[in-house]
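Have a look at the structure below before the remarks.
The values are calculated or read from the model by the stated rules, or taken from the named source; none is laboratory data. Because the structure is predicted, anything quoted here is derived from the model rather than measured. All Cβ positions, even for glycine, are placed from backbone atoms using ideal geometry, and neighbour counts span all protein chains on display. Heads up: the accessible areas ignore ligands, DNA and RNA and are worked out on the full protein's heavy atoms, side chains in. Shrake-Rupley method; radii C 1.70, N 1.55, O 1.52, S 1.80 Å.
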Amino acid sequence: LGFKGSAQNSGSRGCCPHCEILSSAPMRASTRSCGFVLLACVMALAEQHKHDPEHREHHEREPGSKPVATSTMTTSTATTTTFTRTTTTFTTSTTSTSTSTTGPHVFGGEITRKTFDGWLSVWRSKYKVGVWNAGLPDPWESMLPEALKGVEAKVVESKGGVAGGIVTEGMGYGLMIEGFLAAKGSKEALVNGLGLAKTWLAMVNGPGTVAQPFAGGRNETGSATELDKWPYGVSAVQWSHMKLGAAGVAAWKFPFNKTDISGNMGSAADGDQDAILGMVYLAEALDYPADFVDVVIRSIISFASADLGFPDLYRTLPGGEIIYVPKLGSMWGGLLPPHGKYNTKQQPWCYSPGYFAPAHYRTFRDFAASNWKKEFDEYLPHRLNDKPTSLNEMVLAFDSAVLAGYNILHFSSCSSGTVSNWVGVKAACEHDDTLNCPGVPWAHTPYVGEEGGTCAQSGTTFGAFGADASRTAWRIAMDYILYREESANVTIFDREGHIDTDTDFGAQRYLNRIVVQYATSAICDGGTPGFCMNSTTSPYQLAYAYDTKFNASNVTCPGVPNPPESWWAGFMAYPTFTAFVAPYDEIGAAQMSNWMDTFSSICDFSSVNLQNLAWGGQPRGKICLTSYFEASQAVISTMVMAGTLRPLSFKSSSFTVVVLKDEEHELGIQGRGISARSFEHEALSVLVGLVAVGALVAVVKRSHTSSYGEDGSLRSLVYDDHSENDV
């Protein structure tokens, strides 16, 4: 807002950037005058906005709107915006409304919803009761949130490939699915989700034979909880203000090998982020109890540190933009150096676009900002130089990871929507022990460095569209559904790290590539009911879009140099179907919905028992396998298409305002270049709220000078919205 609290600190900006009378010259009034003039200014602005044809009359939170929190975002220009310690947090049930220029997302019809129910039955057949399945002891009930006490713990059993046993990937899928459904009111999903969450906390702690909490560390005391021990990052916050057990991310695979646990060590970022997203939605379903929120906050902090590299592992672009590249887990990937104290365990400078989960990062950001308490500051990791960090800086890290992920996706995808399994993000510092320095991680993507190196893991091919990359589509579809406006406003940079004003790229742009590929390459029109598979049970007419045997076009390109895996694997086909949730100008909404129903008709679930898979038959069809990974991608994809996802409400029973003395936040880094949504429409209610608070603060200061510290900073104002003494 440019409101600095006094004439001396106002700089060259006026109080209100939308009021000519104020923005034309520096504000020379006192704090009190600025507050009241701002209030008058915004009242006029609100009256004008009321008559805006794009103004929405409802107050329901739109996808992409986020609660007023603790940071200042920049626009998609190179203008510098410095984070400050001026913090205003609103945790109220009233949220802002955004005006979309991209149009609402589209859902499938009744066929899609029934198909999701069928796949959900298949998926839930993978659940087993008891943490002993993972080789773990039951967690102490006294160290659990109330919602988990007495709950029957559950695991997701995976079979096949490297994922055999109990893995965080499967646990993450289960928690995410049940969390979304629980937040919509499903009691069965809530029971399942809490059972999986209970096991997750047991996994974070680890078996009794290792150093606890084991989390994403190695078998050494402090490896998971101390930033300066290998691997870099805090993967668990062991203590709690509420006297609860450890919370964070977990080792990727259970039960542990009894003779050599090295193959079990380290977290996997994809499973971590899905599991924590599920717990966020479980918190919503439970109406945000304080003890459960405490667990989720500590888990989010652990994810930011262990899997994003917060607070020390980043690069700085030429314009000063801070870039956090999501790692592949606590021990490898991203910007971890090949040697030195914090070296990567596996191939250096490696990244998977299929791990990129922008909606997750934005949700973690918003959940933390909306539920933050001052005492949570003590959970945050210090920098390696022992300097404390803040919520503002963690918010910056999440937004930066979104920015980085979309830029890497831009350089590792084709016009058909295919994406590389694994790509390079090499941006080496001069010394291996240096974790942050100037650099552009996507300078040579998809290759590892200017030498054209490669990297791969999990048995999938570098630079090819395969099992790891296929998940990109539903992860980006989630971003479009939950954060429609933000996902459209992505700043793209060139190979040298300068803003590329000629490139328009974001969630909808990416998803529309897949829509166009099906619409132009499939030999049937999925937008017309009954047109495809009208004389056969085979979806071969749709396969023309991506099957190289049918000469599918544009499935390889400079960003995806190697041939793809077969479309006929369910884990390859189903995720691409989710692209149809994002509107495309050339295809109407009804046709888009029909396309999703067409895809959902590939499998016949008429003999499947929706309550218990064992009581009925199996789904029938050509790409309808019920094995772990195939089922996981099918159930998540149909969940996305069935309209299950919705933004969080972030409801709270109190209205809290914390205003600290305004000063530049000494980050040691410049928070610049993080893209943001349009201020005009999405921040209006934020502006009104902040100005009202500004006027209120002025009144309080005038009448109650004792509310201020000796340095003139307001200590805090907390108003219980049930109090008769509210102003």
Practice problem: State all residues of region 633-643 that are touching a helix residue (DSSP H, G or I) at 6+ places or on another chain (Cβ under 6 Å) and open to solvent by 10 Å² or more (accessible area, probe 1.4 Å); if no residue qualifies, say none. | Solution: Ala642
Quiz item: Can you tell me how many residues in region 204-222 are under 14 Å from Ala306 (Cβ atoms) and either of a type in the set (Phe, Trp, Tyr) or surrounded by 24 or more Cβ atoms within 10 Å (Cβ to Cβ) (or both)?
Solution: 6
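For a quick check of your reading: which helices (runs of 4 or more DSSP H) sit entirely within region 428-527 and have at least 1 residues that are without any contact (Cβ under 8 Å) to a residue 40 or more places away in the chain and of a type outside the set (A, V, I, L, M, F, W, C)? Spell out how you get there, then give the answer.
On the way: elements: 472-482, 484-488, 507-521.
By residue number, 507-521.
Of the residues that make up region 316-331, is at least one among the polar types (S, T, N, Q) and in contact with a helix residue (DSSP H, G or I) (Cβ under 8 Å, 6 or more places away or on another chain)? Reasoning before the result, please.
To start, the set of residues in region 316-331 that are among the polar types (S, T, N, Q) comprises 316, 330.
Subsequent filtering for residues that are in contact with a helix residue (DSSP H, G or I) (Cβ under 8 Å, 6 or more places away or on another chain) retains 330.
Within region 316-331, one or more residues are among the polar types (S, T, N, Q) and in contact with a helix residue (DSSP H, G or I) (Cβ under 8 Å, 6 or more places away or on another chain).
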Quiz item: (1) of a type outside the set (D, E, K, R); (2) farther than 21 Å from Trp252 by Cα; (3) over 22 Å from the mean Cα position of the chain (by Cα): which one isn't true of Asn343, the others all being true?
Solution: (2)
Practice problem: For region 304-318, name all the residues that are closer than 14 Å to Val402 by Cβ and open to solvent by 10 Å² or more (accessible area, probe 1.4 Å). | Solution: Tyr314
Quiz item: When only residues in region 102-126 that are open to solvent by 50 Å² or more (accessible area, probe 1.4 Å) and assigned to a loop (DSSP other than H, G, I, E, B) count, which is modelled with the highest pLDDT?
Solution: Phe107
Practice problem: Specify the residue that is nearest to Asp312 (Cα to Cα); the eligible residues are those in region 223-236 that are open to solvent by 10 Å² or more (accessible area, probe 1.4 Å) and of a type in the set (A, V, I, L, M, F, W, C). | Solution: Leu227
Quiz item: Counting only residues that are outside any loop (DSSP other than H, G, I, E, B), over 24 Å from Gly354 (Cβ atoms) and among the aromatic types (Phe, Trp, Tyr), how many does region 254-302 have?
Solution: 1
Self-check item: Residues being open to solvent by 10 Å² or more (accessible area, probe 1.4 Å) and within 24 Å of the chain's Cα centre (by Cα) - total across region 414-426
Solution: 1
Quiz item: Here are some residues: Lys184, Lys159, Lys149. Which one is open to solvent by 60 Å² or more (accessible area, probe 1.4 Å), under 20 Å from the mean Cα position of the chain (by Cα) and among the basic types (Lys, Arg)?
Solution: Lys184
Quiz item: Only one of these conditions is not met by Ala579: (1) closer than 30 Å to Ala456 by Cα; (2) touching an Asp or Glu at 6+ places or on another chain (Cβ under 9 Å); (3) among the aliphatic types (A, V, I, L, M). Which number is it?
Solution: (2)
Quiz item: Glu321 fails exactly one of the following numbered conditions: (1) in contact with a strand residue (DSSP E or B) (Cβ under 8 Å, 6 or more places away or on another chain); (2) surrounded by fewer than 24 Cβ atoms within 10 Å (Cβ to Cβ); (3) acidic (Asp, Glu). What is the number of that condition?
Solution: (2)
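Residues Ala251, Ala224: which one is hydrophobic (A, V, I, L, M, F, W, C), under 25 Å from Ala359 (Cα atoms) and not in a helix (DSSP H, G or I)?
Only one candidate qualifies: Ala251.
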Quiz item: Mind checking whether some residue in region 474-491 is at pLDDT 95 or above, surrounded by fewer than 18 Cβ atoms within 10 Å (Cβ to Cβ), among the hydrophobic types (A, V, I, L, M, F, W, C) and at negative phi?
Solution: no
Quiz item: Can you tell me how many residues in region 438-469 are open to solvent by 50 Å² or more (accessible area, probe 1.4 Å) and within 19 Å of Asp270 (Cα to Cα)?
Solution: 4
Exercise. Kindly indicate which of Ser330, Ser240 is crowded, with 24+ Cβ neighbours inside 10 Å and either touching a Phe, Trp or Tyr at 6+ places or on another chain (Cβ under 9 Å) or closer than 24 Å to Pro441 by Cβ (or both).
Key: Ser330
Quiz item: Which condition number in (1) touching a residue at least 60 places away in the same chain (Cβ under 8 Å); (2) open to solvent by 40 Å² or more (accessible area, probe 1.4 Å) is the one that Ala275 fails?
Solution: (2)
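When you look at Thr363, is it part of a loop (DSSP other than H, G, I, E, B) and polar (S, T, N, Q), yes or no?
Values: part of a loop (DSSP other than H, G, I, E, B): no; polar (S, T, N, Q): yes.
So Thr363 fails the test.
Filter region 560-586 for residues that are under 28 Å from Arg646 (Cβ atoms), touching a residue at least 12 places away in the same chain (Cβ under 8 Å) and open to solvent by 20 Å² or more (accessible area, probe 1.4 Å) and give the result. Give the derivation first.
So in region 560-586, the residues under 28 Å from Arg646 (Cβ atoms) come out as 570-586.
Those left that are additionally touching a residue at least 12 places away in the same chain (Cβ under 8 Å): 570-584, 586.
Answer for region 560-586, where residues must be under 28 Å from Arg646 (Cβ atoms), touching a residue at least 12 places away in the same chain (Cβ under 8 Å) and open to solvent by 20 Å² or more (accessible area, probe 1.4 Å): Phe571, Pro583, Tyr584, Glu586.
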Self-check item: Residues within region 522-552 that are open to solvent by less than 50 Å² (accessible area, probe 1.4 Å) and within 30 Å of Ala443 (Cα to Cα), tallied
Solution: 2
Practice problem: Restrict the check to region 390-411 and report whether at least one residue is open to solvent by 10 Å² or more (accessible area, probe 1.4 Å), without any contact (Cβ under 8 Å) to a residue 60 or more places away in the chain and assigned to a loop (DSSP other than H, G, I, E, B). | Solution: no
Quiz prompt | Every pair of residues 6+ apart whose Cβ atoms lie under 7 Å, when the first sits in region 185-202 and is in a helix (DSSP H, G or I) while the second is basic (Lys, Arg) | solution = Asn192/Lys154; Gly195/Lys154; Leu196/Lys154; Thr199/Lys154
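For region 601-612, does any single residue satisfy the condition of being of a type outside the set (Lys, Arg) and without any contact (Cβ under 8 Å) to a residue 60 or more places away in the chain? I'd like the intermediate steps shown before the answer.
Taking region 601-612 and keeping what is of a type outside the set (Lys, Arg), we get 601-612.
Keeping just the survivors that are without any contact (Cβ under 8 Å) to a residue 60 or more places away in the chain gives 606-607.
Yes, because at least one residue in region 601-612 is of a type outside the set (Lys, Arg) and without any contact (Cβ under 8 Å) to a residue 60 or more places away in the chain.
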Quiz item: Would a scan of region 368-377 turn up a residue that is surrounded by fewer than 18 Cβ atoms within 10 Å (Cβ to Cβ), in contact with a Cys (Cβ under 9 Å, 6 or more places away or on another chain) and more than 15 Å from Phe303 (Cα to Cα)?
Solution: no
